[in-house]
Each structure stands twice: as structure tokens, then as C-alpha cells.
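Quick one: the structure is below, and I'll ask about it shortly.
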Amino acid sequence: MHTNCSVTISQTIPGAIVYPESLTGFINQTTDLIVSDSGQLFYHIYGEQFITPEDSVCPCCKTTMHVHGQITRVLKHESKGNSTCRIFVKVTRFKCPKCHKTHVQQIPYECPNHRMTTDLYKQITYHLERHDLSLKKIAQICGVDPHTVKAIDKDRLSKFYTTEDGSHRKLKKPIEYSRYLGIDEFKLHNHHQYATHIIDLDTGHILWIAFGKKKQIVYDFINHVGYNWMRHVKAVSCDMNAYFYSAFHEKCPWIQVVYDRFHLIKNFNDKVISMVRKDEQRRLIEEGNVGKARSLKQTRYILLSSPETLERKDALASQGTLLDSGHVLFRKEPKIRKGGLMKKYKQLLKENELFFAIDLIKEELKEAYATSDENTMANHLTHIVEICNATKNEHFQWFSNLILKHWNGLISHAILHLSNGKIEGINNRIKTVRRMSYGFRDDEYFFLKLIDMSRYRSA
């Protein structure tokens, strides 16, 4: 069966199907079906490559060459179902009678740098672009080694997001300008190793990523995109990292730095509410009032919640709302929502002045972040500082100093209303990418995967 544009399964196999392939010039002669001891199917497709007039022309002196034998090349091919395909193709070797150079016939469907067909290469890249399978799983589906899949993916990502710069590669400069940026660090490895990424808050695309969490990262990013590009940036949202604030203020003083609301609230919850509750428990135990100390157990959620949330939970409890319907199979009892949260909350405020101060600050923070006026937000924050100092408690005073040190960045939220919500979401996706691959040893490849992940949108 001679054709220069298809491969066909041999009719010697019962139940074989003939279908076209994109193996230009391949002449299929026979096909063997091999079944391993584990039941794995292997298709070994044998044939030869059709000789075109261009194949017999010497690439050096353009003289017509003579046939100088044949060699067999083995290429992995696109898998069919749960089978693995290999193509054994005979290619002709030529020798020039004039310059005595030898030349081996080229295979048009062979993937460069890999012993596989372009069809298999396309199948691998298709799975990689879907972002829902690990490298190991893709390797199992396509019948190749995981290191081969990784090499293909890294080369694909490098072509998309990097460019040549002399003897090394560097990230491509963003084509479109950004109005608002977000910057945050994430844990790269154990032993306090971190990396920092800068994103476009409008699109969520990672624009820059580098090792560490120091000012030099901001300097390198500004040098990368240039001051003309940075002139279009209005503001940057970040956590309370003083290095980031001072770096942007030093290099680009026109950019407004906004401290993220989440980090201020989290500091208040963790460093004030939780610590004050623990201190009060210890104080009551030292005074011998074990009963009251025990009543403070499991009250952290009540102190963290707003009165509106507690009232809503009590209303659901009065209706007999189920938190968990339980399971008969595994003998799990149904869990009914308990009420009395608001009553407990009022009792805590009545019995403890520090808890009452916590309630006041929570209301002030809520009002501060609901306003769009800098002066109004400044008044609310000033009131919070006064409440903290009036308690003369070390945890409240620490929170007061935190506000004063980051005053300008906190006030900026009233006008811009930026948050690090999108970049925190990317941090969660970073953890997912790492877990899917059971970690990454190649940090360069990991960073390229993260840049690609930020641009991927699932259907």
C-alpha cells in the first residue's frame, strides 16, 4: 500500500480500522500488536519513508546523490486509547559522488529534539495547556517519560514568556500598561525561603517573579519595565512590608501605596483579640476563678464575629438549621446549629472592659473601611489609636503603633479601595500547582508554570 500522506493499520490484524494520519510520506508495510504480561497494548507500526526528488539533492553542491543504504528510526507516536504506538520507519541514506558527503533523508513529521512524531508532541501540549493533569499523569497517558514532558513544557513556556538577552534569557516586558499592581511574597521552600511576585490587579497576570522578599525585587522590576511603563501605574496594593513601601516610594514617588485591609484585620484578630483572651484566661486561673476561665473557652469565634453575624446565626439556630445532616453508613450523628451566641457576646462585653474595647475597635474599623473620604477614615483610625492607648494593654498599644507606622498606606484605601484579594487567590493556586506536582526542584520551571497559570482561565 503506497501513499505519501497517510499511515494505515495492516489488514492482517482482525478488526483493524483504516484511518488517515498526518505522517507525510510514510508508507505503512505492516503492524504488530503486542500485549504485555500486564495487559498493556503496544502497536509497532513498520514502514519506510517516501523518497522525494529534494531528498536526493546534495545540500552542499546540489549534485544528485546515490543511495547509500537504509537505517531505521524509531519514533513514539500518538497513543490510541490505552495503547502505546511506535513507528519504525526506514529512511534512505545518500552519498554525493562529487563531494562525498553523506546525507540522511529527513522525516517531516519528526519532532525536533525529541524522538517522537509531531502528533504526539501536539497531544502532550494539549494536555499541558489544560492545566488539570500532573506531568506524571500526562506521561502515562502519552507513553513517554515524565522528564520528556517537563522538557517540552519548559521549552513551550520559555517561548511564550521569555526572550533572548545576550547569553541568557529574561522575562518579556508587559505589552499593555497597568493601572494597579499587587505585590506579595509566598513560601517557596522550607527553611524560610521565599519568593515575591508582582501582578496586574485588573487582569490577575503575574508580571514579575523573583527569589526573596527584599527591596531589590522592586528595583529589578522597575528596571525591567522601565520608568515610562511605570508612569501609567497609579497605585500598588501590598501587605505591611516596609521594604515594598519604601522601594516604590523611593523609585516612583507618584505611585500611591495602599496597605491591604485583610492584613490589618488579621493582625488585630491574631495579635490583639486572641492574645487578650488568652491573657484573661491565665489571669482568672491565677486568681483562682477557674469557672470563669473555663467559660472563655471556645469564645474566640464569638469575639471575632460582628453582632450582625451572631444575630444571623442565632436566627438560623431558632429555625433548627442543620450544620451537618450526618451519615447512617458511618454512624455520624446530625449536627444542629446552637444558639445563644449574641447573649454570650453581650455577657463577655459586660464582664470585661478589654472585650468591650475590642467591640469598639471592630465597629470603628468597619466604619473606617466603609468610607470614601480620607479625613473621615483618619478620624476613625485616630479614635482607634485613642481607645488602644486608653486600655494601657500591651497588645492594644502594639496595634496602635502598627496603625501609626503605616498611616499613609492605610488612609489611601479610602480613595482607591484596593485589596490584595486577587494576589492572595493566586497564592492559593500556587499551593495547588505545587501539590499537583508533589513539589518542584527546578525553580525556573516552577516560576514559568506560575506565570502561565495566572493567565489560564478554566472553562
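The values are calculated or read from the model by the stated rules, or taken from the named source; none is laboratory data. Everything numeric in this text was worked out from a predicted model, so none of it was measured. Note that we place each Cβ from the backbone using ideal geometry, even for glycine, and neighbour counts take in every protein chain shown. Heavy atoms of the whole protein, side chains included, go into the accessibility calculation; ligands, DNA and RNA do not. Shrake-Rupley method; radii C 1.70, N 1.55, O 1.52, S 1.80 Å.
Report, in listed order, any pair from K170/K422; K159/K214; K292/K346; K271/K313; K76/K101; K80/K137 with a Cα-Cα distance greater than 21 Å.
Violating the 21 Å limit, Cα to Cα: K170/K422; K159/K214; K271/K313; K76/K101.
For segment 87-207, just say rounded, prolate or oblate: build the C-alpha gyration tensor, square-root its eigenvalues into a ≥ b ≥ c, call rounded for a/c under 1.5, and beyond that prolate if a/b exceeds b/c, oblate if not.
Numbers: a/c = 2.81, a/b = 1.96, b/c = 1.43.
Prolate is the answer for segment 87-207, as a/c is 1.5 or above and a/b outweighs b/c.
Something else now. Label segment 200-247 by shape, choosing from rounded, prolate and oblate, from the square roots a ≥ b ≥ c of the eigenvalues of the Cα gyration tensor; if a/c is under 1.5 it is rounded, and otherwise prolate applies when a/b is larger than b/c, oblate when it is not.
Rounded.
If one takes the longest principal axis of the Cα atoms in the chain, at what angle in degrees, from 0 to 90 and to the nearest 10, does the Cα axis of helix 215-225 lie?
50 degrees
To continue, here is another question. On a 0 to 90 degree scale, rounded to 10, what angle separates helix 374-391 from the longest Cα axis of the chain?
60 degrees
Do any chymotrypsin sites (Phe, Trp or Tyr not before Pro) in segment 319-428 lie in a DSSP loop with no more than 11 other beta carbon atoms within 10 Å, and if so, which?
Here the chymotrypsin sites (Phe, Trp or Tyr not before Pro) that fit, given the DSSP loop and packing criteria, are F330.
Now a separate question. Over the chain, what is the percentage of antiparallel beta bridges among all DSSP beta bridges, to the nearest 5?
Around 70 percent of the beta bridges assigned by DSSP in the chain are antiparallel ones.
Then there is this: Hey, how many Å between the Cα centroid of segment 96-120 and the Cα centroid of segment 269-343?
Taking the Cα centre of each part, segment 96-120 and segment 269-343 sit 72 Å apart.
May I ask for the angle, rounded to the nearest 10°, between helix 341-351 and the longest principal axis of the chain, with both axes built from Cα atoms and the value confined to 0 to 90°?
50 degrees
Give me the aspartates and glutamates in straight-line cross-link reach of K122: C-alpha distance below 20 Å, same-chain residues under 8 apart excluded.
Straight-line reach from K122, under 20 Å: E21, E78, E110, D132, D145, D153, D155, D452.
Out of segment 329-366, which trypsin sites (Lys or Arg not before Pro) are coil in DSSP terms and have no more than 10 other C-beta atoms within 10 Å?
Those satisfying the criteria are R331, K338.
Report relative contact order for the chain in percent, whole number only (criteria: Cα-Cα under 8 Å, sequence separation at least 6).
10 percent
Identify the GluC sites (Glu not before Pro) of segment 124-225 meeting these criteria: DSSP loop state and at most 11 other C-beta atoms within 10 Å of the C-beta.
Sites meeting the loop and neighbour criteria: E176.
Give the relative contact order (percent, whole number) for segment 351-459; include only Cα pairs under 8 Å separated by 6+ residues.
Numbers: 53 pairs, mean separation 22.1, N = 109.
The normalised contact order for segment 351-459 reaches 20 percent.
Which entry in [x] 21.9, 63; [y] 33.0, 107; [z] 36.9, 148 is this structure's computed Rg and Dmax of the Cα atoms in Å?
Read-out taken from this structure: [y].
Mind checking the dipole of the chain: about its Cα centre, +1 per Lys or Arg Cβ, -1 per Asp or Glu Cβ, Debye to the nearest 20?
Working: 66 positive and 50 negative charges, 167 e Å.
It works out to roughly 800 debye.
Carbon and sulfur together cover what percent of the accessible area of the chain at a 1.4 Å probe radius?
52 percent
Excluding same-chain residues fewer than 8 positions from K350, which aspartates and glutamates have a Cα within less than 13 Å of its Cα?
D359
Which value in deg cm²/dmol, rounded to the nearest 500, describes the helix-derived mean residue ellipticity at 222 nm for the chain, given -39,500 (n - 2.57) per DSSP H run of n ≥ 4 and division by the residue count? Display every interim value, and only then the final one.
Numbers: 19 runs with 201 residues, N = 459.
Mean residue ellipticity at 222 nm (helix-derived): -13000 deg cm²/dmol.
Under the rule of at least 5 residues apart or a separate chain, name every residue whose amide H is placed under 5 Å from the amide H of L207.
I198, I199, D200
Another question about this same structure. Sequence gap at least 6, Cα distance under 8 Å: using those rules, report the relative contact order of segment 269-356 to the nearest whole percent.
Value for segment 269-356: 22 percent.
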